1. Could you work out the relative contact order of region 115-239? I mean the mean sequence separation of Cα pairs under 8 Å and 6+ apart, divided by the number of residues, in percent.
2. Scan [x] 18.8, 63; [y] 19.2, 53; [z] 20.1, 65 for the value of Rg and Dmax of the Cα atoms in Å calculated from this model and give just the label.
3. Suppose only helical runs count, i.e. DSSP H with n ≥ 4. What mean residue ellipticity at 222 nm does that imply for the chain under -39500 (n - 2.57) per run, divided by all residues and rounded to the nearest 500 deg cm²/dmol?
4. With just the Cα atoms of region 1-49, tell me how far they stretch along each of the three principal axes, in Å, largest first.
5. For the chain, with a Gaussian network of springs between Cα atoms less than 10 Å apart, report the residue from His178, His20, His115 with the top mean-square fluctuation.
6. Taking θ = phi - 60°, what integer Hz values does the Karplus form 6.51 cos²θ - 1.76 cosθ + 1.60 yield along region 33-39, in sequence order, with x for Gly and Pro?
7. Check the straight Cα-Cα distances from Lys189 and name the lysines below 17 Å, setting aside those fewer than 8 residues away within the same chain.
8. Given charges of +1 on the Cβ of Lys and Arg and -1 on the Cβ of Asp and Glu, with all other atoms neutral, how large is the dipole of region 138-178 about its Cα centre, in debye to the nearest 20?
Amino acid sequence: AAMRATGELLARIGLNRDAHGATASRTPFSRTRAEWLAAANRWVEQPGKNEGAMFISLLLDSRPALGDPTLADLSDAFTPLRTHSGTLRLLLGAALSTKARYRGQRGPFVSRSAHIDIKRDAILPVVNLARWAALAAGAEATTTTGRLAAASGTPMLPDDAATSLAEVFRLLQRLRLHYQLAQTEQGEKPSDALTMQQMSLIDRSLLAQAVREITGVQRRMANVSAFVSSDEWTGLRRR
């Protein structure tokens, strides 16, 4: 009830709730620590049942709303995950399913008519990759750049790929904020949707390069997962 009231308050000032219903005011997302641990164990064992893979991803990004925050760490629940190759592979497939891309792009060049949802088509793919890599490596970091740093040096995420993704993530966040502030100043509702006409030539070029970098890492991870045993995915080479 408290979280429902909070959500209504935030909605009145323009901060909308999750469109898919992943909010703490709903029973599936409002559990005690013991209940989360029990559920996490079920999801690790059967990620394809009752949307287990989705709940694992959501739980990894969750924060406590009540009680002692030091008791919120549920990483122990996912320690056995690295021995579940099928679950790990399923989660990787989900992480790679959101492709970095321009919409309306034809061929290798980005036309002025191409458009992009900078969150869905560029930022979210990086967030998904970082979450999976940190989970697979047993890292406890909770921010995207922190997860990339913690998981760098793994066979699935070499140092150069992790560094590149971290730089791309920071660039995308700056571009997103820049254009949302511009929209606000023009009296428009801030949006993640951008067309090439809206952007400067430099920003257009930077965004195109960012998408290429993300696509390259996604392609490499897909190839590694196809030809390298999952037992070799998670070992930190330099640690």
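1. 36 percent.
2. Matching entry in [x] 18.8, 63; [y] 19.2, 53; [z] 20.1, 65: [y].
3. The per-residue figure over the chain is -16500 deg cm²/dmol.
4. 41, 21, 11
5. Of the options given, His20 has the highest mean-square fluctuation.
6. Once θ is set to phi - 60°, the couplings for region 33-39 become 4, 4, 5, 5, 4, 5, 5 Hz.
7. Those lysines meeting the cut-off are Lys119.
8. 260
Coordinate-derived values only; no laboratory data. Model, not experiment: these values are computed from the prediction. When we count neighbours, we look across all protein chains shown, and the Cβ atoms used for this are built from the backbone with ideal geometry, even at glycine.
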